[in-house]
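The values are calculated or read from the model by the stated rules, or taken from the named source; none is laboratory data. In this text the structure is predicted, and so the values were computed from the model without any measurement. Using ideal geometry, Cβ is built from the backbone for each residue, glycine included, and neighbour counts are taken over all protein chains shown. Surface areas here come from the heavy atoms of the whole protein model, side chains and all, with no ligands, DNA or RNA. Shrake-Rupley method; radii C 1.70, N 1.55, O 1.52, S 1.80 Å.
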Amino acid sequence: MSSADQQPPQDGGGHAHASESRARDGIRLGRIAGVPVYLAYSWFLIAGFTVVVYGPTLALREPQLGNAAYLVALAYAVLLLLSVLVHELAHALSARAFGWPSQKIVLNLWGGHTQFEAFTASPGRSVVVAFAGPIANLVLAGGAWLLVTSVELTGVPDILANIFMWANLLIGLFNVLPGLPLDGGRLVESIVWKATGSQEKGTIAAGWAGRVVVAGIVFFGLVLPWLRGGSPDISFTLVMLLVAVFLWQGASASIRSAGFRSRLPNIVAGRLAVPAVGVPNFASVDEALQAGAGQGVVVVLCAPDGKPQGVVDPAAIARVPDEARGNTPVTAVGYALAAGAYVPESAAGQELVQYLAQLQGTEYAVIDAAGRVVGLLSQSAVVSAISGRSAR
């Protein structure tokens, strides 16, 4: 199982942030064809599971191995890892042919994923990159089949060669099932994308197709054998359920991601902000009232150079006696905005969301092309626009 993730370039963040990200990815194995490769710590879980489950089975089938059966099971886990690595490299190298830079490859509990930097995709190219992975596994399976049928292998080499052949065959065939997050889901996505002109609609359709695939796996792998009187063993049932949960979560994440992307064009600072006016931070409370605070208009405090620094609190103004308003500085009834918490009214989409994510605080002044304050944008308004839910 694998996935290819688009990751837009990050602005800033510093070396500390990059180091934390690498630490989360796992153990860096090095670079292959210029692409950093990481081994996630979760891989050791699947390796241990393989040894514990497959080791005893192999020991019963091949009693001459003795305790070495567990080493063979570990070798099986490593061969699976290499198969997934080839799968992900096929994604990365085919994407490079289209000018899509790969940020990293991460090998993990569920196989792995290739993460790309920002790129402009098309339906056809998306399918090529997606299917490069399964094709690579089928090529490996074919090579192993030639080895098994043309060379007289015995003992451990024969066991591992057969395991390698069947593992790659299953990885290749499983990944072409038509639903996200499997590679075959990209075909469904691209067909709908080509027909409708909307990648988001294609992704949603492929996500729902992925849910259908999950239902089919559970039905044919667990429910139907049970209805026929069979009793799948515990380890097989556990693996099937874990795979089903992983695929369902991946399909659901794809649907949510597509919904987010479809709403991005509506995430515009000027459109989401409430109207506001700016006053100098050396003004009085009375001047703030005249600027609009008295009529419920949001008033933003600005530094002498015109940059927004704070917001007038209407409740605080109401507590200032009438006779003191002319002599009370407006800063006495305001609260500070985070440093740099202002955006152009034309700021929109992913760029706006990423920028706001780097700022402290929950409010941001909105300025026009001339640098004048025209609005105040709240974090809750952005979150509501992203989620598609009304702000409470």
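Taking A69, is it in contact with a Phe, Trp or Tyr (Cβ under 9 Å, 6 or more places away or on another chain) and over 28 Å from L247 (Cβ atoms)? So that I can check it myself, show each step before the final result.
Working: in contact with a Phe, Trp or Tyr (Cβ under 9 Å, 6 or more places away or on another chain): yes; over 28 Å from L247 (Cβ atoms): yes.
Yes.
For segment 114-124, state whether one or more residues are modelled with pLDDT under 95 and within 30 Å of A68 (Cβ to Cβ). Checked segment 114-124: no residue is modelled with pLDDT under 95 and within 30 Å of A68 (Cβ to Cβ). Each residue in segment 100-117 was checked for being in contact with a Phe, Trp or Tyr (Cβ under 9 Å, 6 or more places away or on another chain) and either open to solvent by less than 60 Å² (accessible area, probe 1.4 Å) or part of a helix (DSSP H, G or I) (or both), and 12 of them qualify.
Residues that are open to solvent by less than 50 Å² (accessible area, probe 1.4 Å), at positive phi and either part of a helix (DSSP H, G or I) or among the small types (G, A, S) (or both): does segment 58-69 have at least one? Quick ask: steps written out before the conclusion?
Restricting attention to segment 58-69, the residues satisfying the condition of being open to solvent by less than 50 Å² (accessible area, probe 1.4 Å) are 58-59, 62, 65-66, 68-69.
Adding the requirement that they be at positive phi leaves 66.
Those still in the list that are either part of a helix (DSSP H, G or I) or among the small types (G, A, S) (or both) too: 66.
Within segment 58-69, one or more residues are open to solvent by less than 50 Å² (accessible area, probe 1.4 Å), at positive phi and either part of a helix (DSSP H, G or I) or among the small types (G, A, S) (or both).
For V214, the conditions (1) under 21 Å from the mean Cα position of the chain (by Cα); (2) under 26 Å from I386 (Cα atoms); (3) among the aliphatic types (A, V, I, L, M) are fulfilled apart from (2). Within segment 149-163, does at least one residue satisfy the condition of being modelled with pLDDT of 95 or more, surrounded by fewer than 22 Cβ atoms within 10 Å (Cβ to Cβ), within 30 Å of G250 (Cα to Cα) and not β-branched (V, I, T)? Taking every residue of segment 149-163 in turn, none turns out to be modelled with pLDDT of 95 or more, surrounded by fewer than 22 Cβ atoms within 10 Å (Cβ to Cβ), within 30 Å of G250 (Cα to Cα) and not β-branched (V, I, T).
Just checking, how many residues over segment 310-324 are surrounded by 13 or more Cβ atoms within 10 Å (Cβ to Cβ) and farther than 13 Å from L376 by Cβ?
Going residue by residue through segment 310-324, those that are surrounded by 13 or more Cβ atoms within 10 Å (Cβ to Cβ) are 310-314, 316-317, 320.
Adding the requirement that they be farther than 13 Å from L376 by Cβ leaves 316-317, 320.
Residues in segment 310-324 being surrounded by 13 or more Cβ atoms within 10 Å (Cβ to Cβ) and farther than 13 Å from L376 by Cβ: 3 in total.
Considering each residue of segment 180-188 in turn, none proves to be surrounded by fewer than 20 Cβ atoms within 10 Å (Cβ to Cβ) and acidic (D, E). When the residues of segment 197-217 are filtered to those that are modelled with pLDDT under 95 and either touching a Pro at 6+ places or on another chain (Cβ under 9 Å) or among the β-branched types (V, I, T) (or both), the one that is most open to solvent (accessible area, probe 1.4 Å) is Q199. Pairs linking a residue in segment 336-363 that is touching a residue at least 60 places away in the same chain (Cβ under 8 Å) to a residue that is among the acidic types (D, E), with Cβ atoms under 6 Å and 6 or more positions apart or on different chains, are E345/D368. Restricting segment 283-322 to residues that are in contact with a Phe, Trp or Tyr (Cβ under 9 Å, 6 or more places away or on another chain) and among the small types (G, A, S), which is nearest to L337 (Cα to Cα)? Of everything passing the filter in segment 283-322, G310 is nearest to L337 (Cα to Cα). Check whether at least one residue in segment 85-92 is in contact with a helix residue (DSSP H, G or I) (Cβ under 6 Å, 6 or more places away or on another chain), assigned to a loop (DSSP other than H, G, I, E, B) and surrounded by fewer than 21 Cβ atoms within 10 Å (Cβ to Cβ), and report yes or no. The answer is no, given that none of the residues of segment 85-92 is in contact with a helix residue (DSSP H, G or I) (Cβ under 6 Å, 6 or more places away or on another chain), assigned to a loop (DSSP other than H, G, I, E, B) and surrounded by fewer than 21 Cβ atoms within 10 Å (Cβ to Cβ). Each residue in segment 346-359 was checked for being buried (at least 19 other Cβ atoms within 10 Å of the Cβ) and under 22 Å from N281 (Cβ atoms), and 0 pass. A121 meets the conditions (1) hydrophobic (A, V, I, L, M, F, W, C); (2) assigned to a helix (DSSP H, G or I); (3) open to solvent by 10 Å² or more (accessible area, probe 1.4 Å) in every case but one. The failed one is (2).
A381 falls short on exactly one of the conditions (1) within 19 Å of G270 (Cα to Cα); (2) assigned to a helix (DSSP H, G or I); (3) open to solvent by 30 Å² or more (accessible area, probe 1.4 Å), and that condition is (3).
When segment 218-233 is filtered for residues that are open to solvent by less than 80 Å² (accessible area, probe 1.4 Å) and either part of a helix (DSSP H, G or I) or closer than 24 Å to S42 by Cβ (or both), the ones remaining, listed by number, are V218, G221, L222, V223, L224, P225.
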